[in-house]
Amino acid sequence: MNFRRIDVAEARRLLADNAQIIDIRDDQSYAAGHIEAARHVDSGNMQEFVQEADLDRPLIIYCYHGNMSQGAAAWMAEQGFEHTFSLDGGYEAWVDKSSAAPAASK
């Protein structure tokens, strides 16, 4: 395995240390709410994201529940990201562990 599964607490620590974070859910779910600073990435802009991203900065990937993000994390690691993470429990876990309301898209 070339990525690591992490919980919400570890994701928060990584984000505090300037990690990148991407949301791979559908457009409507992202628009309804997402983790602050998360970029929406899907099949239409994934190559663009890979070309523009800093491969040395940690990358956290999340989906709804943490299943699809594992495959995406493995693929991103194959693209050269040095430190790639899948958020266990996905966005649902983040919201459950958050005392603040989810960030709405602008």
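The values are calculated or read from the model by the stated rules, or taken from the named source; none is laboratory data. This one's a predicted model, so the numbers in the text were calculated from it and none came from an experiment. Every residue, glycine among them, receives a Cβ derived from its backbone with ideal geometry; neighbour counts consider all protein chains shown. Accessible surface is based on the protein model in full, side chains and every heavy atom, while ligands, DNA and RNA are left aside. Shrake-Rupley method; radii C 1.70, N 1.55, O 1.52, S 1.80 Å.
Observations on the model:
Residues are listed down the side, and each one gets a yes or a no for (1) more than 13 Å from Arg5 (Cα to Cα); (2) of a type in the set (Val, Ile, Thr); (3) without any contact (Cβ under 8 Å) to a residue 40 or more places away in the chain:
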residue: Ser29; (1), (2), (3): yes, no, no
residue: Gly33; (1), (2), (3): yes, no, no
residue: Ala37; (1), (2), (3): yes, no, yes
residue: Val41; (1), (2), (3): yes, yes, yes
residue: Gly44; (1), (2), (3): yes, no, yes
residue: Val50; (1), (2), (3): yes, yes, yes
residue: Tyr62; (1), (2), (3): no, no, no
residue: Ser69; (1), (2), (3): no, no, no
residue: Glu92; (1), (2), (3): yes, no, yes
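- The stretch 2-28: number of residues that are of a type in the set (D, E, K, R), part of a loop (DSSP other than H, G, I, E, B) and crowded, with 17+ Cβ neighbours inside 10 Å: 1
- The residues of the stretch 57-71 that are surrounded by fewer than 20 Cβ atoms within 10 Å (Cβ to Cβ) and within 15 Å of Val41 (Cα to Cα), listed by number, are Tyr64, Met68, Gln70, Gly71.
- For Ala104, the criteria (1) at pLDDT below 95; (2) in contact with an Asp or Glu (Cβ under 7 Å, 6 or more places away or on another chain) hold in every case but one, which is (2).
- Leading residue by the ranking (farthest from the chain's Cα centre (by Cα)) among those in the stretch 72-85 that are more than 17 Å from His40 (Cβ to Cβ) and open to solvent by less than 50 Å² (accessible area, probe 1.4 Å): Gly80
- Residue match in the stretch 59-66 (condition: within 18 Å of Ser98 (Cβ to Cβ), of a type in the set (Gly, Ala, Ser) and in contact with a helix residue (DSSP H, G or I) (Cβ under 6 Å, 6 or more places away or on another chain)): yes
- Summed over the stretch 38-52, the residues that are open to solvent by 90 Å² or more (accessible area, probe 1.4 Å) and not in a helix (DSSP H, G or I) give a count of 1.
- Residue within the stretch 87-102 that is among the polar types (S, T, N, Q), buried (at least 21 other Cβ atoms within 10 Å of the Cβ) and touching a helix residue (DSSP H, G or I) at 6+ places or on another chain (Cβ under 9 Å) present: no
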